[in-house]
1. For the condition of a type in the set (Ser, Thr, Tyr) and loosely packed, with under 11 Cβ neighbours inside 10 Å, what is the one hit in SER32, SER22?
2. Looking at region 18-47 only, could you name the residues that are among the β-branched types (Val, Ile, Thr) and at pLDDT 90 or above?
3. Could you please find all residues in region 24-34 being more than 11 Å from the chain's Cα centre (by Cα) and not acidic (Asp, Glu)?
4. Any idea how many residues of region 1-16 are in contact with a Lys or Arg (Cβ under 9 Å, 6 or more places away or on another chain), aliphatic (A, V, I, L, M) and part of a loop (DSSP other than H, G, I, E, B)?
5. Say whether the condition of being on the phi < 0 side of the Ramachandran plot and either acidic (Asp, Glu) or more than 12 Å from the chain's Cα centre (by Cα) (or both) is met by at least one residue in region 12-21.
6. Restricting the first residue to region 35-63 and requiring it to be hydrophobic (A, V, I, L, M, F, W, C), which pairs with a second residue that is open to solvent by 80 Å² or more (accessible area, probe 1.4 Å) meet a Cβ separation below 6 Å and a spacing of at least six or different chains?
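The values are calculated or read from the model by the stated rules, or taken from the named source; none is laboratory data. If you're wondering where the values come from, they're calculated on a predicted model, not measured in any experiment. Cβ atoms come from the backbone with ideal geometry, glycine included; neighbour counts cover every protein chain shown. Ligands, DNA and RNA are stripped out before the accessible areas are found, and what is left, the full protein with its side chains, is counted by its heavy atoms. Shrake-Rupley method; radii C 1.70, N 1.55, O 1.52, S 1.80 Å.
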Amino acid sequence: MEICTKLEQEEIVVVLDQAIYSKALQIVWKESQRFNKVILRLGAFHTTCVMLGVIGKRFDDAGLRDVLH
């Protein structure tokens with residue numbers, strides 16, 4: 001919040017890995033008034049991992065495993 005104020009920004013984006021993101025999200029939700037200018041983002045690596053997991057679950061029975069072997 002201090003950095004956001006010093007840079008005269010309306011909001012600040014913070015990119016985190018998955019483990020820290022989940023904890024930071026809990027803090028921001030609990031203290032929503034205090035951290036109302038903070039936007040949390042999940043890092044690109046973890047976003048990709050989640051998306052690949054979703055695709056794998058969605059198409060598991062459609063022969064995706066056979067195609068990838």
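1. Values: SER22 fails: loosely packed, with under 11 Cβ neighbours inside 10 Å.
Criteria check complete, one pass: SER32.
2. Step one: of region 18-47, the residues among the β-branched types (Val, Ile, Thr) are 20, 27-28, 38-39, 47.
ILE20, ILE27, VAL28, VAL38, ILE39, listed by residue number.
3. Once the filter is applied, which keeps residues that are more than 11 Å from the chain's Cα centre (by Cα) and not acidic (Asp, Glu), region 24-34 yields GLN26, ILE27, VAL28, TRP29, LYS30, SER32, GLN33, ARG34.
4. As a first pass, look at region 1-16 and keep what is in contact with a Lys or Arg (Cβ under 9 Å, 6 or more places away or on another chain): 1, 4-5, 9-16.
Subset that is aliphatic (A, V, I, L, M): 1, 12-16.
Those still in the list that are part of a loop (DSSP other than H, G, I, E, B) too: 1.
Of the residues in that region, 1 qualify.
5. Yes, region 12-21 contains at least one residue that is on the phi < 0 side of the Ramachandran plot and either acidic (Asp, Glu) or more than 12 Å from the chain's Cα centre (by Cα) (or both).
6. From region 35-63, the pairs are ILE39/GLU11; ILE39/VAL13.
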